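**Q** Below you will find the structure I want to go over with you.
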Amino acid sequence: MKRSFFAWGSNLMLYMIAVVGLIGLVNYLSARHYSRLDLTEKGKYTLSDQTVKTLENLKAEVKTVAFVKDDPGARRQAREMLEGYRYHSRFFTWEFVDPDKYPLTAKKYKVLRYNTFVVEGSDGRKESFSGRLTEENLTNSIVKVSSDKVKKVYFTGGHGEKDIEGTKPRDYRQIALALENENFKPETLVLTETKKIPADASVIIVAGPAKDLLEGELKMLRDYLNSGGRALFLVDPMTLKTTIAFLAEYGIEPMDNVIVDKYSKTLGGDYLSPAVTSYSKQHAVTKDFKYITIFPLARSLKPDGEKAEILATTLDESWGESSRKELADGRVAFNEQEDSYGPLILAAVAEIENKANPQGRKGELIVIGDSDFAANSYIGFGGNRDLFLNIANWLAGDVERISIRPKAADMDPMIFSQNETYAVAGISIVGLPLLMLIVGVWVNVRRRRS
Amino acid sequence: MKNILAVYLKELKVYFSGPIAYFVGVIFLVVSGIFFILILNDYARISFEVIRTNYQFKLPQLNVTDGIFSPMFHTFSFLLLLMVPLLTMKSFSEEKKTGTIELALTYPLRGTELVLGKLFAVLTVYFSMLLLTASYGAMILYFKPFPPGVPVAGYLGLLLLGFAFISLGIFISSLTENQIIAAAVSFGAIMLFWLVGAVAGDSTMPIADIMRYISLREHFHSFAAGVIDTRDVVYYLSFGLLFIIATLRALESRRFRG
């Protein structure tokens, strides 16, 4: 008897293990293949077609790191949305990180605020946004980091511009590599050898030409900018004439001076390497930019207030030295008549009407009065590299941003009068329970009597 | 099937002619009524703020679905967690104590029929208690019409949740002769499955995924928000099924030993 009891016990054990295993398997499968029926009025929890299509087209992993405070209430909405995204693609992964608990991770992703969402592509490209997690922001970030379209950036050549292959201190090899990491493909373009700016150009960069561009080349650039093209001009002091006139057409005139900044010496530069700590808070390129940058041997710009916008200015103590003799002697002094005093404008941007297609995207031109800040020997300084990449990324900005209507229900306020409140409270707290109590007592009394 | 019905009707009669169901119902209605008024007051207070600032004060949750139904269903789910052990405690404990279980088991009645009949009876008591709260919805409807989808999902969720709660409660009741112990242990066990997901928090470890998955509470969020997710339905049904099977084994062991 005892033995059979033991046998029965182990049988039971096996049986229960099998049952749990089977039920576990069913649940495992159900967690992987599920569907959701959204009964909310506007289908609030249903993702839009664009999002679903974007997710279904993913071919490599896209990871979203949600920097949200470790609080279930704060995380619920984000969790639901991110889980919904994951349902549509096995390549989509996500995780929560509390930036206070994991400051290193937050630092790695350069996160400064709660509710920042970083979307990271398989090639390391990152997109981030802060605030409420909306489908529109998340989907657009995914599109950006997962698009396999390589953006071509052309550096003009033939006028003594910086060499993107060169490894000498004043060359551009380092910044070219940094661009490649951001999914750009930098190439040298000799304009005289082509008839037209290549159609695949995301950005054209004219980096510190020693000689003026030819009239025909400027015409190509003009046509390009007037039809929605994006260009970055880095113009060094004491060079160029017709190119300056070309830039002035768009409202950014490079001045004939060299910026002197005595303060920058304390930062490790010399008098002729102005430091920049003040950036436009209005413009998208520099809005969140906080690093110090240094521009060795730079000239100031004079933007036309109507056409152009300031991006970066030098310190108050700096001035624009226009006497070449003084510069040559190495003894510069501020001369009220000739020199312009700080803060001086070092970078500016102009938006250009699209003449070919007025509804199409606008052309953008950014001019900086220096090209050396991005050269091999200076690129590592302060925020120089970031500034250059910010500009390149912004200029190459994705044209097509998907717009998804937010489906949050409208606010629907409801207020009650005093009497209504009493009535509702009376019915729900007293009326209903009382009714039940009466029925209960009646039933029980009757049962006892019978 | 006929046997299930017979057990079901008999059990139902016991519940509705005894004091426990009414006692539990009154407590549940008083407490949920208080919560309902609190939620409503909160909603009115925020509404007032929004109107006063001429809609400048933005609060996207200020709609009947997110502002009233969702918190209300969450409250119900928690209150029912407290009530269910009182409904299930006597399922088998009493019969075990009085010995009528032997009688029941010697009938030409299969264990499955007995367990299912009892389970459906408790579920009926549970849901009829819950349906009285539909009057809250009717009161809201008087002030503000709302689409029916969200409450449908919410009540379906509560029904499934109740199925899970009750099977666990019945299982525990089949293990002991003492009703107090049955209620206390059921309460503890339900609470354990309720909170295990919160213990896991947002950890990304695989064990945390499992803990969140087996947690009764984690599967209720979608229902409360107006979404019926097959994962949650499958989970609650499997949870209930597992404990029905466990109950059957427990009864069988008694038969074997007895």
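The values are calculated or read from the model by the stated rules, or taken from the named source; none is laboratory data. All values derive from a computational prediction rather than experimental measurement. Cβ atoms come from the backbone with ideal geometry, glycine included; neighbour counts cover every protein chain shown.
**Q** For the range A:115-226, which helices (runs of 4 or more DSSP H) that fit wholly inside it have 1 or more residues that are surrounded by 18 or more Cβ atoms within 10 Å (Cβ to Cβ), touching a Pro at 6+ places or on another chain (Cβ under 8 Å) and outside the structural domain of A:N354 (by TED's automatic domain parsing)?
**A** Because the criterion is at least 1 residues that are surrounded by 18 or more Cβ atoms within 10 Å (Cβ to Cβ), touching a Pro at 6+ places or on another chain (Cβ under 8 Å) and outside the structural domain of A:N354 (by TED's automatic domain parsing), the helices (runs of 4 or more DSSP H) in the range A:115-226 that meet it are A:135-146.
**Q** Given the condition closer than 17 Å to B:Y15 by Cα and at pLDDT 90 or above, answer yes or no: does some residue in the range B:103-114 qualify?
**A** No, the conditions are met nowhere in the range B:103-114.
**Q** Which residue, of B:I244, B:I228, B:I190, B:I214, is at negative phi, away from chain A (no Cβ under 12 Å), under 19 Å from the mean Cα position of the chain (by Cα) and modelled with pLDDT of 90 or more?
**A** B:I190
**Q** Does A:V52 meet the test of being surrounded by 16 or more Cβ atoms within 10 Å (Cβ to Cβ), modelled with pLDDT of 90 or more and of a type outside the set (D, E, K, R)?
**A** Criteria not met by A:V52.
**Q** Kindly list the number of the only condition in (1) over 24 Å from B:L62 (Cα atoms); (2) surrounded by 24 or more Cβ atoms within 10 Å (Cβ to Cβ) that fails for B:A184.
**A** Failed condition: (2).
**Q** Determine if the range A:196-212 includes at least one residue that is within 30 Å of A:K53 (Cα to Cα) and of a type in the set (S, T, N, Q).
**A** Yes, the conditions are met somewhere in the range A:196-212.
**Q** All but one of (1) loosely packed, with under 11 Cβ neighbours inside 10 Å; (2) within 9 Å of chain B (Cβ to nearest Cβ); (3) of a type in the set (S, T, N, Q) hold for A:S10; which doesn't?
**A** (2)
**Q** For the range B:50-91, name all the residues that are at the interface with another protein chain (Cβ under 9 Å from one of its Cβ atoms), charged (D, E, K, R) and part of a helix (DSSP H, G or I).
**A** B:D66
**Q** Another one. Which condition number in (1) part of a helix (DSSP H, G or I); (2) under 16 Å from A:T139 (Cβ atoms); (3) over 22 Å from the mean Cα position of the chain (by Cα) is the one that A:Y28 fails?
**A** Tallying (1) part of a helix (DSSP H, G or I); (2) under 16 Å from A:T139 (Cβ atoms); (3) over 22 Å from the mean Cα position of the chain (by Cα), A:Y28 fails exactly one: (2).
**Q** Kindly list the number of the only condition in (1) surrounded by fewer than 18 Cβ atoms within 10 Å (Cβ to Cβ); (2) within 9 Å of another protein chain (Cβ to nearest Cβ); (3) in contact (Cβ under 8 Å) with a residue 24 or more places away in the chain; (4) not small (G, A, S) that fails for B:V233.
**A** (1)
**Q** Let me ask another. Any idea which residue in the range A:313-344 is nearest to A:K290 (Cα to Cα), counting only those that are under 36 Å from the mean Cα position of the chain (by Cα) and in a loop (DSSP other than H, G, I, E, B)?
**A** Restricting to residues being under 36 Å from the mean Cα position of the chain (by Cα) and in a loop (DSSP other than H, G, I, E, B), the top hit is A:L315.
**Q** Here are some residues: B:F16, B:F23. Which one is facing chain A (nearest Cβ under 8 Å), hydrophobic (A, V, I, L, M, F, W, C) and closer than 18 Å to B:K118 by Cα?
**A** None of the others qualify; the one that does is B:F16.
**Q** Pick out the one residue from A:V367, A:V332, A:V424 that is among the β-branched types (V, I, T), surrounded by 12 or more Cβ atoms within 10 Å (Cβ to Cβ), farther than 29 Å from A:E136 by Cβ and at pLDDT below 80.
**A** Of the residues listed, the single one that is among the β-branched types (V, I, T), surrounded by 12 or more Cβ atoms within 10 Å (Cβ to Cβ), farther than 29 Å from A:E136 by Cβ and at pLDDT below 80 is A:V332.
**Q** While we're here: Residue by residue through the range A:59-81, note down the ones that are of a type in the set (A, V, I, L, M, F, W, C), surrounded by 14 or more Cβ atoms within 10 Å (Cβ to Cβ) and either under 19 Å from the mean Cα position of the chain (by Cα) or part of a loop (DSSP other than H, G, I, E, B) (or both).
**A** Scanning the range A:59-81 gives A:V62, A:V65, A:A66, A:F67, A:V68.
**Q** Oh, and also: Considering each residue of the range B:247-258, count those that are part of a helix (DSSP H, G or I), out of contact with any Ser or Thr (no Cβ under 7 Å at 6 or more places or on another chain) and more than 9 Å from every other protein chain (Cβ to nearest Cβ), and give that number.
**A** So the count comes out to 2.
**Q** Conditions: (1) within 25 Å of A:N357 (Cβ to Cβ); (2) surrounded by fewer than 22 Cβ atoms within 10 Å (Cβ to Cβ); (3) modelled with pLDDT of 90 or more. A:D304 meets all but one. Number of the miss?
**A** Going through the list (1) within 25 Å of A:N357 (Cβ to Cβ); (2) surrounded by fewer than 22 Cβ atoms within 10 Å (Cβ to Cβ); (3) modelled with pLDDT of 90 or more, A:D304 breaks only (3).
**Q** Here's a check for you: in the range B:193-230, which residue that is under 14 Å from B:L160 (Cβ atoms) and among the charged types (D, E, K, R) is surrounded by the fewest Cβ atoms within 10 Å (Cβ to Cβ)?
**A** B:R217
**Q** For the range A:87-101, state whether one or more residues are without any contact (Cβ under 8 Å) to a residue 12 or more places away in the chain and over 20 Å from B:G197 (Cα atoms).
**A** yes
**Q** Could you please find all residues in the range A:92-108 being surrounded by fewer than 17 Cβ atoms within 10 Å (Cβ to Cβ) and touching a strand residue (DSSP E or B) at 6+ places or on another chain (Cβ under 7 Å)?
**A** Of everything in the range A:92-108, those that are surrounded by fewer than 17 Cβ atoms within 10 Å (Cβ to Cβ) and touching a strand residue (DSSP E or B) at 6+ places or on another chain (Cβ under 7 Å) turn out to be A:T93, A:E95, A:T105.
**Q** Continuing with the same structure: Hey, among the residues in the range B:34-48 that are within 7 Å of chain A (Cβ to nearest Cβ) and free of Cβ contacts under 8 Å to residues at least 12 places away in the same chain, which one's nearest to B:N63 (Cα to Cα)?
**A** Result: B:A44.
**Q** How about the range A:82-95: which of its residues are under 19 Å from B:S203 (Cβ atoms), part of a helix (DSSP H, G or I) and not aliphatic (A, V, I, L, M)?
**A** A:E83, A:R86
**Q** Can you find a residue that is of a type in the set (G, A, S), crowded, with 18+ Cβ neighbours inside 10 Å and at pLDDT below 80 anywhere in the range B:86-101?
**A** Yes; the residues of the range B:86-101 include at least one that is of a type in the set (G, A, S), crowded, with 18+ Cβ neighbours inside 10 Å and at pLDDT below 80.
**Q** Output the residue which, of all residues in the range B:131-161 that are closer than 13 Å to B:V64 by Cα and of a type in the set (V, I, T), is nearest to the other protein chains (Cβ to nearest Cβ).
**A** Here the residue is B:V150.
**Q** Now, a different point. Just wondering, is there one or more residues in the range A:33-55 that are within 14 Å of chain B (Cβ to nearest Cβ), closer than 20 Å to A:T116 by Cβ, hydrophobic (A, V, I, L, M, F, W, C) and touching a helix residue (DSSP H, G or I) at 6+ places or on another chain (Cβ under 6 Å)?
**A** No; the residues of the range A:33-55 include none that is within 14 Å of chain B (Cβ to nearest Cβ), closer than 20 Å to A:T116 by Cβ, hydrophobic (A, V, I, L, M, F, W, C) and touching a helix residue (DSSP H, G or I) at 6+ places or on another chain (Cβ under 6 Å).
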